[in-house]
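Structure first, commentary second.
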Amino acid sequence: MQNNTFSTLFVGQNLIKLKEVDSTNNFLKDLLSKSEPLAEGTVIMADNQFSGRGQQQSVWQTEAGKNISMSIYLKPSFLPLQKQFYLNMAVSLAVSDALDTYITEGIKIKWPNDIYYFNRKIGGILIENTLTGIAFKSSVIGIGLNINQLNFPDHISNKATSLVQILQKETDLMGILEKISIFIEKYYLILKSGGYDILQKNYLKRLYNFNVKASYLDHGKVFEGIITGVEDGGRLVMHTEQGPQAFNFKEIEFIHTK
């Protein structure tokens, strides 16, 4: 454990760096289950995460020492449950803005939790919330980003990319960690101040396929739709031939475009 010199008020000031762990989210949740209080903004970063998870228990694959595998502890007790997706918006925007400092264009947020560079995935986010009654108690925010990994398994090589593939040079991981921490804090404070309109507006600007006619898969059937928005609770709003429809997580599948 170490104190940092990041130019933040609290995010990343308490940094725990690990050589190897099954999942930074699991490690952070284990810390929270113990009696010692943990400072809000605590960041866990691992050189190697061998059982990282994505949304709905999907596997996040990463090469040891090459990428960002991190988790952040926040306490958004101020956030109404019906607006819980705004935390996802804030985190997604923060990660996107951090990548923008290296890449001039092409960074998009693919609903609900992926970060894309044009049509390829460069990262993912997994937020796990703990509730007390009808209020948020804590949030464990896992972030995985492909940074210095050049090669990917065959089955995802045409769908994934990394910063080193884009820039043709390696990038310092601690520098990226600091930028993510700075932008997480920025958007978290906007969220805390009730800036929902700001988050919604910026999120839709970043949203992959927003206002674009594209093909999707719904229970094995292909349909065309235009994404028109995202509800406060996170459902994706789309205009289809049947009229407006809203979809929950994992109800539809984006058809990958090369």
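The values are calculated or read from the model by the stated rules, or taken from the named source; none is laboratory data. Only a predicted model underlies this, so the values are computations on that prediction, with no experimental measurement involved. Quick reminder, even Gly has a Cβ in these numbers, built from the backbone with ideal geometry, and neighbours come from all protein chains shown. What goes into the accessible areas is simple: the full protein's heavy atoms, side chains included, and nothing from ligands, DNA or RNA. Shrake-Rupley method; radii C 1.70, N 1.55, O 1.52, S 1.80 Å.
Quick notes
- Of the residues making up segment 119-158, those that are outside any strand (DSSP E or B) and either touching a Lys or Arg at 6+ places or on another chain (Cβ under 9 Å) or closer than 29 Å to residue 39 by Cα (or both) number 11.
- Only listed residue being of a type in the set (Val, Ile, Thr), surrounded by fewer than 19 Cβ atoms within 10 Å (Cβ to Cβ) and in the same structural domain as residue 97 (by the TED database), chosen from 228, 171: 171
- Looking only at residues of segment 231-258 that are open to solvent by 70 Å² or more (accessible area, probe 1.4 Å) and acidic (Asp, Glu), we find that the one that is farthest from the chain's Cα centre (by Cα) is 241.
- Test: residue in segment 169-191 that is in contact (Cβ under 8 Å) with a residue 24 or more places away in the chain, outside any helix (DSSP H, G or I) and of a type in the set (Ser, Thr, Tyr): yes
- Some residue of segment 49-60 being modelled with pLDDT of 85 or more and assigned by the TED database to the domain that holds residue 114: yes
- Tally, over segment 82-118, of residues that are among the polar types (S, T, N, Q), part of a loop (DSSP other than H, G, I, E, B) and at pLDDT 95 or above: 1
- Residue match in segment 107-119 (condition: open to solvent by 20 Å² or more (accessible area, probe 1.4 Å) and touching an Asp or Glu at 6+ places or on another chain (Cβ under 7 Å)): no
- Number of positions in segment 153-163 that are touching a residue at least 60 places away in the same chain (Cβ under 8 Å) and of a type outside the set (A, V, I, L, M): 4
- For segment 28-49, the candidate set comprises residues that are free of Cβ contacts under 8 Å to residues at least 40 places away in the same chain and in a loop (DSSP other than H, G, I, E, B); within that set, the residue that is least open to solvent (accessible area, probe 1.4 Å) is 42.
- Residues that are aromatic (Phe, Trp, Tyr), open to solvent by 40 Å² or more (accessible area, probe 1.4 Å) and within 30 Å of residue 8 (Cα to Cα) occur in segment 188-210; there is at least one.
- The set of residues from segment 209-233 being part of a loop (DSSP other than H, G, I, E, B) and either modelled with pLDDT of 95 or more or among the basic types (Lys, Arg) (or both) comprises 209, 211, 212, 231.
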